[in-house]
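The structure appears right after this line, and notes come after that.
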Amino acid sequence: MPAKRFFLTTSIPYVNARPHLGHALEFVQADTYARFQKLLGNEVFLLTGSDDNALKNVQAAEAAHMPVARYVTEHSALFKKLNENLNVSFDHFVSTSAEERHRRGAQKLWTRIRPEDIDRKKYHGFYCVGCEEFKTEKELVQGECPEHPGKKLEEVEEENYFFKLSHYQGKLLELIENDTLRITPTSRKNEMLAFVRGGLEDFSISRSFQRAHGWGVPVPGDETQVMYVWFDALGNYITALDYADDGNLFKKWWADNTSNKKHFIGKGINRFHTLYWPAMLLSAGLSLPTEVVVHGYITSGGQKMSKSLGNVADPEELIREYGTDAVRYFLLRHVHPFEDSDFTVERFKEAYNANLANGLGNFVSRVMKMSSEHLSKPLDIGFYDLANNTTQGGSLEIMRSHVEKYEFNSAIDTIWKEITVLDKLIQENKPFEIIKTDSQKGKEEILNLVQRLWRIATMLEPFMPETSKKIKEAIKENKKPETLFPRKE
C-alpha cells in the first residue's frame, strides 16, 4: 500500500507571555499523531510556530518597556524551545514577524481574495484584546467576553476592511454538514453548525496603522492599514510552505494533498479555523483543510488556564522536575483529548509515582533484570511494528484505532492494560522461581516477557519516544536500564 501524506499543524500562539501547559497539550497531541503516522510508514510534515503580529503582543512589549520586535523575538523563542523540550518532531517553526515569505504570502493571499468579498467601512464596536476580535452583543455574558471574564472590552470606532463571511454561509453549512470539512469531536461540529444557522456576520480583516502601533503586515495598496492578526495568522498554514512563490512544499503538502490536511487547535478558536479560514480559502480559490481537531482547556481550580488570569502551570518546570516523557504521558493520558480537564501538581505527582515510577518503570526493571541474569545475547526478540500488525482485536490494533480517532487517553490505557496483564503473569508464573528447577522453561517464560516488552516499547513510541528508545536499547543490549522514572517524595 503506498504511503499516505499528512500535513499537520498546531495553532500558533500569541507571544505576549511565556507558554503554559495548555500550549504544551496541543503541541504534544499533534506530535503524537505525527509520530504515529510515521510509524505506519506515512509521510508527515508537522508545522508549528508563533503568532507575532497581535495587538496584545504590542501591549505586552510596551508594558515591559521593550521594543516590540525584540520582545516578540525573545518570546517566540520560548515557544520554540518548549517544542524542543517536549521532543516535538516539528518540520518547521514559523515566526510570523520574522519570515519574509510569510509577509509576502499573507499579502498574496489578500490579493487573491475576490474583490466582492472585501468591503471598507466604518465600524463601532467592543473589542476583546484577549481574543483579538470584535464582539457582538449576543456573544457577551453580562457585558463581558466569556473567554476573558473580568477584562474590560475596548470601545473602538474606526474604518477597516471587512471580509463578507455572509457570502459563504450556505457553502460552509454544506461543507461542515457532510464532513467535507470534518470537525472533531462531533460536539464542536454541532456548535459550528448552530452558529452558522444563526446567521454569519462580516468580520474585520484590518486595523488602522495607528491603532496597531505600526506593527503587522501592511495591507497591499493601503499604507493606512495593517492586516488584522487573524487574517495574517491563519495564512501561516500555507505561507510557511512558500505559498508566496507557489513553492514545492506548498504544492506537495497543500495544493496536491487532497486527503490529509489537519489542524490541531483549542476550542476557543474553533470558529476562526472552521468558518473564517475556510471562507478565506474558498474566496481565494484554494483547497480547504480536511479536518480540524479541537481540544478542550486545561483548567486550574475550574477556570481556564490563562496568562491573563495568572493561573498557569509552567510546563518547563514540570519537565525539569519530572522529565519530558512524564509530562507527555500526563497530557496524553490524564487530560481528556476533547473536554476540559483540571490540573494540579498533586494530581500530576500522584500519576507519576503510581503509573510511571511504580508502574512502567518497575515493570521494565523486573523484566530486564531477569533477562540480563538468565538470557544470553543476542536475544531472539522477534519484530513488532505498527505498520504490519494486522491482528484483529490485539492490543496494537486497539491502540491504533484509538489514535486514529485522537483518543490518546484510551490508546495509552490499552498499553497499560498490557503492562497489568504481564505483571500478573510474572506473579502467577514466577519465572524467577521456575528457572531454578527448569532452566529451559524458565528461559522461555522470560524471553516471552522480553518479546512482549519490545511490543510495549513500540506502542509507546508515539507517546513517550525517549522512554521507548531506552527500553529498546536495554533489550538490544540485554541489560537492566537506569531507573526510568525515579520516585518523587
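Each reported figure results from applying straightforward, stated rules to the coordinates on display, with no laboratory input. Every value quoted in this text rests on a predicted model; they were computed, and no experiment measured them. Using ideal geometry, Cβ is built from the backbone for each residue, glycine included, and neighbour counts are taken over all protein chains shown.
Numerical summary
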item	result
Distance (nanometres) between label positions extended 7 Å along Cα→Cβ at Val345 and Lys121	5.2
Within the chain: Cβ-based charge dipole about Cα centre, in debye rounded to nearest 20 (Lys, Arg +1; Asp, Glu -1)	1080
At most 14 other Cβ within 10 Å, DSSP loop - trypsin sites (Lys or Arg not before Pro), segment 410-489	Lys479, Arg487, Lys488
Share antiparallel - DSSP beta bridges, the chain, percent rounded to 5	50
Lys/Arg +1, Asp/Glu -1 at C-beta; the chain dipole; positive extreme among Phe330, Leu453, Ile183	Leu453
At least 20 Å along the helix axis (C-alpha) and Kyte average at least -0.5, DSSP helices within the chain	21-39, 408-429, 439-460
Of Val28, Leu234, Asn16, farthest towards positive along the dipole that unit charges on Lys, Arg, Asp, Glu beta carbons give segment 5-304	Val28
For segment 442-456 and segment 29-51, distance of Cα centres in Å	31
Out-of-range pairs (alpha-carbon distance over 22 Å; input Lys38/Lys349; Lys369/Lys424; Lys443/Lys480; Lys377/Lys470; Lys430/Lys480; Lys262/Lys405)	Lys38/Lys349
Local electrostatic count at Asp245 - Lys and Arg +1, Asp and Glu -1, tallied over other residues with Cβ under 15 Å	+3
Calculated [θ] (222 nm, deg cm²/dmol) that DSSP helices of n ≥ 4 give over the chain, each run adding -39,500 (n - 2.57)	-13000 deg cm²/dmol
Nearest-0.05 FRET efficiency for Lys252 and Asp438, computed from C-beta distance (R0 51 Å)	0.30
Ranking of Thr290, Thr274 by count of other Cβ atoms within 10 Å, fewest first	Thr290, Thr274
Using a Förster distance of 41 Å, the FRET efficiency for Glu154-Leu425 (Cβ separation, nearest 0.05)	0.05
Selected from Trp254, Leu288, Thr437, residue furthest toward positive end of dipole (the chain; charges at beta carbon)	Thr437
Ranked list, fewest to most other Cβ atoms within 10 Å of each Cβ, for Ser208, Ser371, Ser97, Ser365	Ser208, Ser365, Ser97, Ser371
